[in-house]
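Here's the structure we're looking at; comments come further down.
The values are calculated or read from the model by the stated rules, or taken from the named source; none is laboratory data. Treat the numbers as computed from the prediction; the structure is a model and nothing was measured. Virtual Cβ from ideal backbone geometry, glycine too; neighbours counted across all protein chains shown.
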């Protein structure tokens, strides 16, 4: 068997030269079509670098436009030149200047020799299969497309709408069965000659010149008319994202190439030095096709496409929230802490844990009106300002930006209480990265120490209690990373345990040095407030100590002694 190559190129000609030289040295005749948009200087340089190779030729150049017949014409020109100079060819492989061999050329030749007379071209019938992921399919063959979609997009869309409105419909020639598939094929020389020398060639070319993206239908349809042995698959792996742009191969894809069942890949990033160096080696080892795993290989790109469309965990695409449409939640790439009630329990929380190794805790960034990030800092990294109005416009975006702006080796925690803006509550309670430590009814301490009259304290207690119940209910149903709830009684009896739980919720294995427990908030007025609230119908889990005032003060002093958290 004798294998020849057609290469279509329009940029990065230094990489095209490498590929052509590699194929020529592997006894594969090559015909290059270089887009007419390429300057004469670049074209001259390419010819000069390859003119010593007898089996490399150049075809008549066309000015190619995306989605237009000029690409098909360029392929036909190159095919005619290749077959004219090398009439002994048995197979012709169509590749681009950005393609690279995934397997050695000798392995490809052996494969084709075992499958003599078979044309490898992805060719899917528009009647039976849905090949196009998004966009026009059947209308590609029945409407007129005289304009460039890229250059005249508005006019292109209006022309399509107009043809639909007036029910304009072209008839498909009798001998043509519309098929679509990948542009990259490997045909037998016999089939390719039949397409080129078809008596109806002029009629076929005229029909397809008005089709949409004919490079995905011209050879795919005509091969069906001239071949009895078609295997509808491409020997070149090429896949596209949701916007129709091809995925690029980089150096880190090299280790995955044995998984593909294809012999070529498209398209390689021109800066992938390792990829070009390794894949264009003369004496490469075979990748046995028996060990190929197409599903695993395709999954790499399927996952990339999924992330591109819907985002990854804690990662957002510009201008939209993929998690919302995907019914996911998350604002950060790793676990973070949410501490409720610790600011009421301890004085100067979170400053008390500022020096703990590997942990960075911030205050109530969702305070209703005025707040600071830490130590009266009003501006975080990335010019994120402590502006409640800005934050309330999109709390989810604000939290995501804040956490990402603090991305370091440290684990991050923030305070969130019933007094804060509650719009963020459904988001964090369903976030699989959020870890919660809650001191239930800790807001009673702040109310007890406020200067408000009792009527105001009563209303405040009722509001905060209702919010806390909704919060705890959401936590009970939420898919968060974890949640520990302490009653106020438990917290006052073992404040060191609460603080330790909070620190360990950020990093279970963190080796934090011992720290003195911060001073507790003043609880001297707490029991009196709770008794009064209970008499006015507020049911609380915290039970005041039935002792004299003097004893109560001694208890307050006792729990204020410094503890050591290890």
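So here's what we get for this one:
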read-out	value
Neighbours by Cβ (under 6 Å, 6+ apart or cross-chain): first from the stretch 218-244, in the same structural domain as residue 197 (by TED's automatic domain parsing); second in a helix (DSSP H, G or I) and modelled with pLDDT under 95	239/301; 241/305; 241/308; 242/309
Selection count, the stretch 337-355, where residues are in a loop (DSSP other than H, G, I, E, B) and in contact with a strand residue (DSSP E or B) (Cβ under 6 Å, 6 or more places away or on another chain)	2
Test: residue in the stretch 71-91 that is within 40 Å of the chain's Cα centre (by Cα), under 14 Å from residue 263 (Cα atoms) and assigned to a strand (DSSP E or B)	no
Single unsatisfied condition, residue 524 versus (1) part of a loop (DSSP other than H, G, I, E, B); (2) modelled with pLDDT of 65 or more; (3) surrounded by fewer than 14 Cβ atoms within 10 Å (Cβ to Cβ)	(3)
Of all residues in the stretch 234-259 being more than 22 Å from the chain's Cα centre (by Cα) and modelled with pLDDT of 95 or more, the one that is surrounded by the fewest Cβ atoms within 10 Å (Cβ to Cβ)	234
Among (1) assigned to a loop (DSSP other than H, G, I, E, B); (2) touching a helix residue (DSSP H, G or I) at 6+ places or on another chain (Cβ under 9 Å); (3) surrounded by fewer than 22 Cβ atoms within 10 Å (Cβ to Cβ), the one test that residue 210 misses	(2)
Scope the stretch 402-411; condition out of contact with any helix residue (DSSP H, G or I) (no Cβ under 6 Å at 6 or more places or on another chain) and either surrounded by fewer than 19 Cβ atoms within 10 Å (Cβ to Cβ) or more than 19 Å from residue 389 (Cα to Cα) (or both); matching residues	404, 405, 406, 407, 408, 409, 410
Scan of the stretch 260-285 for residues that are exposed (fewer than 12 other Cβ atoms within 10 Å of the Cβ) and either closer than 18 Å to residue 186 by Cβ or outside the structural domain of residue 20 (by TED's automatic domain parsing) (or both), ordered by number	none
Residue within the stretch 100-120 that is part of a strand (DSSP E or B) and within 18 Å of residue 280 (Cβ to Cβ) present	yes
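Yes/no matrix, rows are residues, columns are (1) in contact with a helix residue (DSSP H, G or I) (Cβ under 7 Å, 6 or more places away or on another chain); (2) outside the structural domain of residue 432 (by TED's automatic domain parsing); (3) modelled with pLDDT under 75; (4) loosely packed, with under 13 Cβ neighbours inside 10 Å:
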{"residue": "304", "(1), (2), (3), (4)": "no, yes, no, no"}
{"residue": "317", "(1), (2), (3), (4)": "no, yes, yes, no"}
{"residue": "328", "(1), (2), (3), (4)": "no, no, yes, no"}
{"residue": "333", "(1), (2), (3), (4)": "no, no, no, no"}
{"residue": "351", "(1), (2), (3), (4)": "no, no, no, no"}
{"residue": "354", "(1), (2), (3), (4)": "no, no, yes, no"}
{"residue": "376", "(1), (2), (3), (4)": "no, no, no, yes"}
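Let's see how each residue does on (1) at pLDDT 95 or above; (2) surrounded by fewer than 21 Cβ atoms within 10 Å (Cβ to Cβ); (3) in the same structural domain as residue 207 (by TED's automatic domain parsing):
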position	(1), (2), (3)
34	yes, no, yes
41	yes, yes, yes
57	yes, yes, yes
65	no, yes, yes
94	yes, no, yes
